[in-house]
Amino acid sequence: MQPEKLIIFDTTLRDGEQCPGASLNNKEKLEIARQLALLKVDVIEAGFPIASPGDFQSVQQIAKEIRGSSIAGLARALEKDISAVAQALEKAESPRIHIFLSTSKLHRDHKLQKGKEEVIQMAVDAVKFGKKFCDDIEFSPEDASRTEPDFLTEVVTAVIDAGATTVNIPDTVGYSVPEQFAELIRSLKETVPNIEKAVISVHCHNDLGMAVANSLAAIKAGARQVECTINGIGERAGNAALEEIVMALKTRNDFFGVQSGIDTPNIMACSRLVSSLTGFFVQRNKAIVGKNAFAHESGVHQDGFLKKKDTYEIMDPTDIGLEMSELVMGKHSGRNALSTKIKAWGFDLTQEELDEVFANFKILADDKKEVFDEDIMALVQKQKFSDESLNTYSLIKIQGSFESGVVPETTVLLKSRDGQEHSATAKGDGPVDSIYNAIDHITGMACKLIDYQVMSKTRGKDAQGEVTVRVRHENREVLGKSTGVNTIETSAHAYVNAVNKLLVKPKAGPVGGGDIQGP
Ligand code: KIV
Ligand code: ZN
């Protein structure tokens with residue numbers, strides 16, 4: 001018998017992007033959407049169009065370009081939100097409007113200040129309004145897991161009658177435990193008379209570390225769509241991790257008996273892309289995509305593994321796209337090998353971009369003995385996502401001497417877009433601090449460094465380091481990134497990258513006006 005199909009609804013670009021500090025620009029969102037399409041997710045939730053003109057344009061761009069996956073946009077149960085989603089999705093091959101409205105008593109009393117009847121009416125009206133634009137309507141009773149079961153049944157029945165084709169049951173604050181959440185799904189199947197007309201979906205948050213467990217328990221109980229994000233990023237402690245759910249279903253198909261259509265060898269590329277663009281590193285011991293997930297350290301394990309790998313490995317690393325033998329690229333490697341590699345990761349480079357990456361690859365290959373995949377990935381990302389035309393400043397030079405016991409002092413030389421050079425010298429608590437103080441002198445902006453991280457992208461003493469800084473100025477916070485072999489210089493580039501982003505003024509006002517609060 002053919003296993004039943006599970007719909008994978010990815011919300012990395014909406015719930016994932018919504019978490020503090022993860023903000024992505026539209027180019028980056030489009031690149032992630034392309035990678036999600038290669039991964040063959042069934043639905044990509046591309047954003048919340050009413051939230052800002054930038055969100056609207058991003059959803060519109062993704063809807064126009066991506067084929068093969070449905071594209072969803074989020075809306076509150078308000079006509080202006082639903083119209084904005086419909087407009088943003090006009091060019092989508094397969095559009096979906098996702099409407100949400102709180103149903104729990106806590107949210108009804110304190111957030112909405114509405115009674116039960118009013119909430120049901122709003123939900124029904126919103127679904128009927130959405131139906132004028134598209135057939136595929138998903139409704140989410142927000143905070144469903146804390147909603148009175150009888151009322152949840154009433155709401156779900158009413159929205160299905162109004163035309164909802166998917167009913168999504170969110171565990172909005174990650175409060176559920178697996179047995180209880182599974183029971184909720186089972187009871188909806190029994191108490192909602194028209195449940196056969198809609199797909200039951202679940203959307204679990206990870207506040208108590210049970211998002212994946214709750215999702216899997218719900219699937220076992222009959223849910224046939226799961227909402228999740230790459231690397232589990234999302235509000236607060238995040239959402240259920242796509243890669244963990246998909247690999248659990250694949251590895252334990254004997255137990256779950258359902259199958260996703262995910263092209264699992266694309267998992268690793270997607271995880272790396274999301275991690276690198278959001279600046280959210282994946283913990284080493286994270287299931288499936290962590291660096292240690294397939295590493296064997298103890299002698300006893302290594303011995304067993306070498307005799308028969310199944311003794312300590314329940315998944316094949318190639319199933320998630322980890323290459324067993326790394327294809328080492330060096331200065332003798334050609335353009336064709338480089339291009340093939342880049343294409344396999346899902347990047348779509350123009351001839352000009354490829355030429356540029358190839359030239360930088362040759363420079364790097366002269367400097368380094370071996371150029372690893374991560375090195376090349378860093379070059380591609382620098383080429384694709386650093387929009388130099390928007391840059392106000394570029395770094396020309398840093399000069400300083402650092403000595404134990406002496407307060408570091410650095411001179412920084414920047415060039416502004418009009419071609420002028422600006423120099424400043426400053427002291428600091430450390431070399432990086434002195435560089436950042438000198439940059440602040442030049443720009444006249446007193447920025448606050450919120451976070452500073454260096455990650456080795458490759459191996460060896462000549463490894464490329466990726467520096468990520470989170471910088472705040474007035475009420476804006478941005479991420480700055482750079483990759484290079486010289487960590488101090490790369491730190492300066494990352495800070496200049498953040499300053500350039502801060503100098504690009506955000507477009508004013510949300511599409512529909514009014515104050516928009518994320519779900
Ligand atoms: O967590 C939540 O309840 C949501 C809804 C909008 C589905 O993100
Ligand atoms: Zn959510």
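Here, each number is a calculation from the coordinates, and none is a lab measurement. These numbers were taken from a predicted model, which means no experiment stands behind them. Here the Cβ is made from the backbone with ideal geometry for all residues, glycine too, and neighbour counts use every protein chain on show.
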- prompt: So, by mean Cβ neighbours within 10 angstrom, what's the order for 267-277, 84-94 with the highest one leading?
  reply: 267-277, 84-94
query: How much length is gained if the chain between Ser187 and Ser339 is pulled fully straight, taking 0.36 nm per residue apart and subtracting their Cα-Cα distance, in nm to one decimal?
result: 49.5 nm
- request: Stick to the Cα atoms of the chain, pair each with every other, and give me the Kirkwood hydrodynamic radius in Å at one decimal.
  value: 24.8 Å
query: Roughly how tilted is helix 26-39, in degrees to the nearest 10 and between 0 and 90, from the longest Cα axis of the chain?
result: 60 degrees
statement: With only helices counted (DSSP H, runs n ≥ 4, each -39500 (n - 2.57)), the per-residue ellipticity at 222 nm for the chain, to the nearest 500, works out to -12000 deg cm²/dmol
query: Considering only the other residues whose Cβ falls under 14 Å of the Cβ of Leu184, what net charge follows from Lys and Arg at +1 and Asp and Glu at -1?
result: -3
- request: With an 8 Å cut-off on Cα pairs and a minimum separation of 6 or more residues, tell me the relative contact order of the range 4-278 in percent.
  value: 21 percent
- request: Only loop residues by DSSP count here, and only those with at most 16 other Cβ atoms within 10 Å; note down the trypsin sites (Lys or Arg not before Pro) in the range 361-449 that meet that.
  value: Lys369, Arg417
message: For the range 375-460, which chymotrypsin sites (Phe, Trp or Tyr not before Pro) pass both filters: DSSP loop (anything but H, G, I, E, B) and at most 14 other C-beta atoms within 10 Å?
response: Phe402
message: For Cα pairs less than 8 Å apart in space and 6+ apart in sequence, what is the mean separation divided by the residue count of the range 326-385, i.e. the relative contact order in percent?
response: 50 percent
message: Net charge within 12 Å of Lys427 by Cβ-Cβ distance, Lys/Arg positive one each and Asp/Glu negative one each, not counting Lys427 itself?
response: -3
- request: For helix 487-503, report the angle its Cα long axis makes with the longest principal axis of the Cα atoms of the chain; keep it between 0 and 90° and round to the nearest 10°.
  value: 60 degrees
query: Using Cα atoms only, what is the angle between the long axis of helix 373-385 and the major principal axis of the chain, expressed in degrees (0 to 90) to the nearest 10?
result: 80 degrees
message: If each residue of separation counts as 0.36 nm, what is the full-extension length gain between Gln399 and Asp150 once their alpha-carbon separation is subtracted?
response: 82.7 nm
- prompt: Ordered by residue, what ³J(HN,Hα) values in Hz, to whole numbers, does the range 203-215 give under the Karplus form 6.51 cos²θ - 1.76 cosθ + 1.60, where θ = phi - 60° and Gly and Pro are x?
  reply: 9, 10, 9, 10, 4, 10, x, 10, 4, 6, 4, 5, 5
- prompt: With point charges of +1 on the Cβ of Lys and Arg and -1 on the Cβ of Asp and Glu, referenced to the Cα centre of the range 388-503, which listed residue (Ala494, Ser404, Gly444) lies farthest in the positive direction of the dipole?
  reply: Ala494
- prompt: When DSSP assigns beta bridges and you keep just the ones with both residues in the chain, what percent turn out antiparallel, to the nearest 5?
  reply: 50 percent
task: List the relative contact order of the chain as a percent without decimals, with contacts defined as Cα pairs under 8 Å and 6+ residues apart.
output: 12 percent
